[in-house]
Amino acid sequence: MNILSLLTPKSDVEYLYDDFSLRQALEKMEVHHYQAIPVISRKGNYVGTITEGDLLWFIKNQKRFDIGQAETVPLRRIGHHRDYLAVSILAPIDDIFKLSIQQNFIPVVDDQQIFIGIIRRQSIISYFYDELFTVRGK
């Protein structure tokens with residue numbers, strides 16, 4: 001199976017640049033109600049995924065914190081509790097399926113590690129559901 005059929009292209013994905021501020025990340029996550037969002041470099045390389053928890057732990061660990069300070073902290077300074085692993089556009093479907101057990105979405109990169117989009121867990125479940133009931137003849 002070609003994973004492109006499951007791909008949500010970068011143009012349809014909300015993401016952050018690693019030089020965006022903590023405040024920009026908080027605002028984008030609030031507006032879109034996301035718990036996690038991909039982070040890329042200005043060159044387009046996938047850097048990682050930032051989560052609400054990453055942001056909250058960073059804020060908690062500051063001795064003093066105000067929202068004004070959030071404008072000066074770039075995302076690259078914020079640690080990640082765990083990374084969302086990316087897959088190559090050529091990855092087999094079983095690798096993607098295994099990752100979807102642990103991740104809400106799977107970032108997809110090309111052969112130069114450029115972020116090209118995500119595969120949502122929902123797309124994977126729908127694919128397997130359709131396959132199961134097509135085989136059974138429902």
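On a C-alpha basis, how far is the centre of segment 1-56 from the centre of segment 71-122 in Å? Whole number, if you could?
9 Å
Could you please report the charge total around Leu22, scoring K, R as +1 and D, E as -1 over all other residues with beta-carbon less than 13 angstrom from its beta-carbon?
Summing Lys/Arg as +1 and Asp/Glu as -1 gives -3.
Taking every Cα atom in segment 50-104, find the radius of gyration and the maximum pairwise distance Dmax, and write them in Å.
When restricted to the Cα atoms of segment 50-104, Rg and Dmax are 15.8, 47 Å.
Work out, step by step, the length gained on full extension between Phe133 and Ala36: first 0.36 nm times the residue separation, then minus their alpha carbon distance; give nm to one decimal.
31.8 nm
Trypsin sites (Lys or Arg not before Pro) within segment 39-90: which are DSSP loop residues with at most 15 other Cβ atoms inside 10 Å?
Arg42, Lys43, Lys63, Arg64, Arg82
Percent relative contact order of segment 1-101, based on C-alpha pairs within less than 8 angstrom and at least six residues apart?
33 percent
Enumerate the residues in segment 23-63 having an amide nitrogen under 15 Å from the point lying 7 Å beyond the Cα of Glu71 toward its Cβ.
Inside the label zone: 23-27.
What FRET efficiency do you get for Glu52 and Ile125 if R0 is 22 Å and r is their Cβ-Cβ distance, rounded to the nearest 0.05?
0.45
Rounded to the nearest 0.05, what FRET efficiency do Lys28 and Ile101 give with R0 = 25 Å and r taken as the Cβ-Cβ distance? Could you check?
With R0 = 25 Å, the Cβ-Cβ based efficiency is 0.40.
Using all Cα-Cα distances in segment 3-136, what percent lands in each 10 angstrom bin from 0 up to the longest?
Whole-percent P(r) values from 0 Å outward: 12, 40, 30, 13, 4, 1.
Every number in this text was worked out from the coordinates using simple rules, so none of it is lab data. In this text, all values refer to a predicted model and were calculated from it rather than measured experimentally. Using ideal geometry, Cβ is built from the backbone for each residue, glycine included, and neighbour counts are taken over all protein chains shown.
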